[in-house]
Amino acid sequence: MLNFIKDISLQDAVFPFGAVLVKYPEQLDKEAFYAFAQQKINQLKEKYTDYDRKAVWADNKHYRFFKKFKKTYPVMLQFESVTFKDRPFPAFNPISEVAFLLEITTFALSGTHDISKIDGDVQLYIADKKEDFIGMRDMLHTYPNDFCARDNSGIIFSMIAGTDSRTCATPDSRNVLYPIFCTPDADAQYIETAAGTLAEYIKVLAPTAEIEIRII
């Protein structure tokens with residue numbers, strides 16, 4: 001069982017966090033999932049025919065939170081890339097692409113970790129300085145006031161910078177953690193809604209998957 005611990009930096013902070021824990025079967029219905037994903041993308045194209053970036057994102061809590069760190073919200077770029085630039089939906093690792101689909105359809109922020117690679121408990125904390133860690137493509141670091149997590153072997157994610165390389169999920173991962181990130185002004189209902197949508201997408205990929213949702 002994966003345990004989550006809030007350190008002292010979160011004791012007085014209102015910073016909701018969601019964890020969707022999934023046990024996948026060995027066989028996945030990739031064909032059904034990718035067809036479902038394309039259907040969702042087609043719906044997005046219809047919904048946002050008159051897309052205006054400022055109108056859509058100006059009030060988005062994640063967009064505003066990232067802006068405080070002088071960062072562009074990556075979900076916005078992913079959404080625009082697939083919906084308007086005709087970039088193909090990724091089709092390499094459906095375990096992670098489930099979370100990608102959640103992001104572009106709901107604008108929530110998620111990630112994907114292989115639980116079998118997590119060393120001990122997950123400690124959640126708000127960083128007070130820059131801390132280096134190895135990301136999926138290059139070196140990353142946390143930011144002061146960034147929402148982060150570490151296990152016994154080091155940092156596993158930064159809300160602003162992303163996921164580490166050590167625990168990130170692969171196509172062979174079957175015991176998976178999907179974090180759902182919130183901003184300080186969000187509430188538990190936001191997590192419940194996003195987690196429920198993610199669970200629906202997971203069931204398309206793997207109807208027999210075992211899913212547990214925690215609000216921490």
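Within the stretch 202-216, track down each residue that is in contact (Cβ under 8 Å) with a residue 12 or more places away in the chain and either open to solvent by 10 Å² or more (accessible area, probe 1.4 Å) or touching a Cys at 6+ places or on another chain (Cβ under 9 Å) (or both). Working first, answer last.
Just the residues of the stretch 202-216 that are in contact (Cβ under 8 Å) with a residue 12 or more places away in the chain, to begin with: 202, 204-216.
Residues satisfying the conditions are VAL204, PRO207, THR208, GLU210, ILE211, GLU212, ILE213, ARG214, ILE215, ILE216.
Suppose we filter ALA13, ALA32 for residues that are at pLDDT 95 or above, small (Gly, Ala, Ser) and either touching a strand residue (DSSP E or B) at 6+ places or on another chain (Cβ under 8 Å) or not in a loop (DSSP other than H, G, I, E, B) (or both); which single one remains? Quick ask: steps written out before the conclusion?
Details: ALA13 fails: at pLDDT 95 or above.
Unique residue meeting the criteria: ALA32.
How many of the residues making up the stretch 52-84 are in a helix (DSSP H, G or I) and either under 14 Å from PHE100 (Cβ atoms) or more than 14 Å from the chain's Cα centre (by Cα) (or both)?
Quick first cut of the stretch 52-84, residues in a helix (DSSP H, G or I) only: 53-57, 61-68, 74-84.
Filter once more, so that each one left must be either under 14 Å from PHE100 (Cβ atoms) or more than 14 Å from the chain's Cα centre (by Cα) (or both): 53-57, 61, 63-68, 74-84.
The qualifying residues number 23.
Anything in the stretch 28-53 that is touching a residue at least 24 places away in the same chain (Cβ under 8 Å) and either open to solvent by less than 20 Å² (accessible area, probe 1.4 Å) or out of contact with any helix residue (DSSP H, G or I) (no Cβ under 9 Å at 6 or more places or on another chain) (or both)? List them, or say none.
Across the stretch 28-53, the qualifying residues are PHE33, ALA37, GLN38, ILE41, LEU44.
Across the stretch 179-216, which residue is farthest from PHE4 (Cα to Cα) among those that are touching a His at 6+ places or on another chain (Cβ under 8 Å) and at pLDDT 95 or above? Break it down stepwise before answering.
The initial filter retains those residues of the stretch 179-216 that are touching a His at 6+ places or on another chain (Cβ under 8 Å), namely 179, 181, 183.
Then drop every residue that is not at pLDDT 95 or above, which leaves 179, 181.
Details: PRO179: 11, PHE181: 14 Å.
Selected residue: PHE181.
Is it true that some residue in the stretch 105-126 is over 28 Å from PRO88 (Cβ atoms), touching a Gly at 6+ places or on another chain (Cβ under 7 Å) and not basic (Lys, Arg)?
no
The values are calculated or read from the model by the stated rules, or taken from the named source; none is laboratory data. No experiment lies behind these values; they were computed from the predicted model shown. Backbone-built Cβ (ideal geometry, glycine too); neighbour counts: all protein chains shown. Protein only, heavy atoms only, side chains kept; ligands, DNA and RNA dropped before computing areas. Shrake-Rupley method; radii C 1.70, N 1.55, O 1.52, S 1.80 Å.
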